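Asker: Dropping the structure in here first, questions after.
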Amino acid sequence: MSPKNKDNHAYRVVENGVVNIFSLVPFLGPAFIASVAYIDPGNFATNIQSGSMFGYKLIWVVVMANLMAMLFQMLSAKLGLATGYNLAELSRMHFKKPVVIGMWLSAEIAAMATDLAELLGSAIAIHLLFGIPLVYGALITGLIVFAVLTLDNYGYRPLEIVIAGLVGVIAVCYVVETFLSQPDWKEVGYHAVVPWLGGSQSIFLAVGIIGATVMPHVLYLHSSLTQSRVIPKNNLEKRRLFHLTLPDVVIAMGLAGLINISMLYMAAATFNAHGKTDIADIYTAYKTLTPLFGNAASTIFAISLLVSGISSSVVGTMSGQVIMQGFVGFKIPIFIRRLATMVPTFIIIFLGINSTHALVLSQVILSMVLPIPIITLIYLTRRHDVMGILTNKSATTYLAIIFGSVIVLLNLWLIAETFIPFLK
């Protein structure tokens, strides 16, 4: 680890084992970077459609998806600190070459689908706020992302602080939106715990919510963020380091979950409650907010979308580098990576495809790809020869298998609902 990245305070805490609220601060950061992927523009699209069409009824999906995210991000963080390698690198080490190539290609598909959502979301927000065409909005986003990524040259802390600050801006925006929309808290509480699915459209959105929440690319990224942050010297320090990492995951994922829930109940209270059940895109949501709650509500909505797109685009580019370097041992300059993954977005813009539908579809693609890193993560973290002292307990492995099975079953249900009618 280079001197600019070494945190001596963190090493002292791990060595001495003295834990208090201040000693946790050096370990906060990796999960906040990962959490950005859980509040990207794809979440806006799926949550707005879900809330406007079905009111509060799909909040339970957001809650379930966030619990899944907490578990899998915990496993990813633990994998990195236990082994000193990230998920992509370990995949290359433990599987045959043809399998690794297939895994790499699926991860690249996930990265492209992610980048599509992030760039489109930012471009839409810039267009809504300033009237700038989508193509230029996407270019502006790319330039801002380049600028933010240069902070990595000064160590991991400046980038983590900026990302955490951007997450804070999104959270504040939705605190204001909550105050303006005044949701029915009884409905929020009830539907947070009572499952409901009512046909192919709700299944499509449920899978989209999960795809937008349990993001495959950050399962690879989180393990890389913890693999060399603090290098434990023995099993005792590994165990201490893991316990110090848990609050980071819980706080960051919990905040992301609350933001996701607020996106959905804002749409339910604002659109569904006023009979606006056909809010199928972000543009319509923005325009509908103004007559209902004034210019402030629509402007805050657009600002939160812009910040979401920029921050998640930064994280997506970081993930893409980890995926490529880990699976194939090949690294390209980050600006080339950024430009290459922008291509699908510009194709969507030039073809005039409905941007919000493309956002939702990208999240469903993510959910389809998701089982691969999940299965790999469970397989590796349950192996004592890989994890040592931090090997999963049986209960953790079984819970991860249950969550992974739910995702696969929802995907199969969606495929059946979508394609069987065409076979009749």
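Asker: Only one of (1) over 21 Å from Ala77 (Cα atoms); (2) modelled with pLDDT of 70 or more; (3) surrounded by fewer than 20 Cβ atoms within 10 Å (Cβ to Cβ); (4) within 21 Å of the chain's Cα centre (by Cα) is not met by Ile336, so which one is it?
Answerer: (4)
Asker: OK, next. Among the candidates Ala147, Ala125, Ala138, which residue alone is modelled with pLDDT of 85 or more and touching a Gly at 6+ places or on another chain (Cβ under 8 Å)?
Answerer: Ala125
Asker: Quick one: which of Val194, Val167 is surrounded by fewer than 18 Cβ atoms within 10 Å (Cβ to Cβ) and modelled with pLDDT of 85 or more? So that I can check it myself, show each step before the final result.
Answerer: On the way: Val167 fails: surrounded by fewer than 18 Cβ atoms within 10 Å (Cβ to Cβ).
Going through Val194, Val167 in turn, just one is surrounded by fewer than 18 Cβ atoms within 10 Å (Cβ to Cβ) and modelled with pLDDT of 85 or more: Val194.
Asker: Can you work out which of the residues in region 197-244 that are aromatic (Phe, Trp, Tyr) and surrounded by fewer than 23 Cβ atoms within 10 Å (Cβ to Cβ) is modelled with the highest pLDDT? Lay out the reasoning, then the answer.
Answerer: Kept after step one, since they are aromatic (Phe, Trp, Tyr), are these residues of region 197-244: 204, 220, 242.
Those left that are additionally surrounded by fewer than 23 Cβ atoms within 10 Å (Cβ to Cβ): 204, 242.
Working: Phe204: 77, Phe242: 90.
Filtering first and then ranking leaves Phe242.
Asker: While we're looking at this one, here's another question. Looking only at region 124-135, which residues are without any contact (Cβ under 8 Å) to a residue 12 or more places away in the chain and assigned to a helix (DSSP H, G or I)? Can you show your working first?
Answerer: Filtering region 124-135 down to residues without any contact (Cβ under 8 Å) to a residue 12 or more places away in the chain leaves 127, 130-133.
His127, Phe130 - these are the residues of region 124-135 that are without any contact (Cβ under 8 Å) to a residue 12 or more places away in the chain and assigned to a helix (DSSP H, G or I).
Asker: Can you pull out every residue in region 136-167 that is within 13 Å of Met342 (Cα to Cα) and touching a residue at least 24 places away in the same chain (Cβ under 8 Å)?
Answerer: Within region 136-167, Ala138, Thr141, Gly142, Val145, Phe146 qualify.
Asker: What single numbered condition from (1) over 30 Å from Asn392 (Cα atoms); (2) surrounded by fewer than 16 Cβ atoms within 10 Å (Cβ to Cβ); (3) in contact with a helix residue (DSSP H, G or I) (Cβ under 7 Å, 6 or more places away or on another chain) fails to hold for Ala285?
Answerer: Of (1) over 30 Å from Asn392 (Cα atoms); (2) surrounded by fewer than 16 Cβ atoms within 10 Å (Cβ to Cβ); (3) in contact with a helix residue (DSSP H, G or I) (Cβ under 7 Å, 6 or more places away or on another chain), only one is false for Ala285: (2).
Asker: Among Ile203, Ile209, Ile170, which is the only one that is β-branched (Val, Ile, Thr), over 20 Å from Met70 (Cβ atoms) and touching a residue at least 12 places away in the same chain (Cβ under 8 Å)? Give the steps one after another, and end with the answer.
Answerer: Working: Ile209 fails: over 20 Å from Met70 (Cβ atoms); Ile170 fails: over 20 Å from Met70 (Cβ atoms).
Only one candidate passes the filter, namely Ile203.
Asker: For region 158-173, which positions are more than 16 Å from the chain's Cα centre (by Cα) and closer than 21 Å to Val249 by Cβ?
Answerer: Leu159, Ile161, Val162, Gly165
The values are calculated or read from the model by the stated rules, or taken from the named source; none is laboratory data. Computed from a predicted model, the values in this text were never measured in an experiment. Every residue, glycine among them, receives a Cβ derived from its backbone with ideal geometry; neighbour counts consider all protein chains shown.
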